[in-house]
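The values are calculated or read from the model by the stated rules, or taken from the named source; none is laboratory data. Since we're looking at a predicted model, the values are computed, not measured. Positions of Cβ are generated from backbone atoms using ideal geometry, with glycine treated the same way; all protein chains shown enter the neighbour counts.
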Amino acid sequence: GALRHGLDTFGGVLVATACASFDPPPALIRRFTYRLMLLPLTASQRCTLFARLVTHGVGEAVPREVRQALLPLDRLTPGDFFNVQARLRHRQVDWRRWLSELTSEHQAKASTSLESLGIALPSSSQRC
C-alpha cells in the first residue's frame, strides 16, 4: 500500500533494485516504466576484464590456466571484479589471489539468481 502510493505520487526518477527472490506483486511491477535484467559477464568478457584489471592490459593474452579457472564462474558481473579490486588495492597480489577472490564472489551468489532493476520515470508533465 504505502510503497505503491509513494511510487504513484513521486515526481522524480526512481531507481530500485531487487534480488530475484523478491517476488513483487504485479501491481507494483506495473508502476515501473523500464525493467532491466542485469546479466553476468560472458566467458570472453570475464577474460577481458581480468586482463585489464590484473595485468593492466600489459603483457600477453590471459593464460590458459586463468581462462579455464574463469570459465565456471558464470555469475560474475563487472561489480564483482571491482569489489575484488577494491579489497586487493593495497596489497601486492598475483593472479592466483585474484582468482581465489573471484571464486569467493561467485560462490556468494550460488544460492541466488540474477538481479533485476526497475526504473520509474516521472509523468510526462514533470519531465525536464
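Just to verify a result, which residue in the stretch 84-109, among those that are surrounded by fewer than 16 Cβ atoms within 10 Å (Cβ to Cβ) and closer than 25 Å to V15 by Cα, is modelled with the highest pLDDT?
A86
Would you mind telling me which numbered condition in (1) at pLDDT below 70; (2) within 16 Å of R75 (Cα to Cα) Q45 fails?
For Q45, the exception is condition (1).
Which residues, taken from the stretch 17-42, are loosely packed, with under 12 Cβ neighbours inside 10 Å and at pLDDT 90 or above?
Within the stretch 17-42, just T42 meets the criteria.
I'm checking my understanding of the structure. Among residues of the stretch 81-110 that are closer than 15 Å to E65 by Cα and not basic (K, R), which one is farthest from the chain's Cα centre (by Cα)?
Residue satisfying both the conditions and the ranking: D94.
Test A120 against the criterion of being within 30 Å of G1 (Cα to Cα), at pLDDT below 80 and surrounded by 13 or more Cβ atoms within 10 Å (Cβ to Cβ), and give yes or no.
So A120 fits the description; yes.
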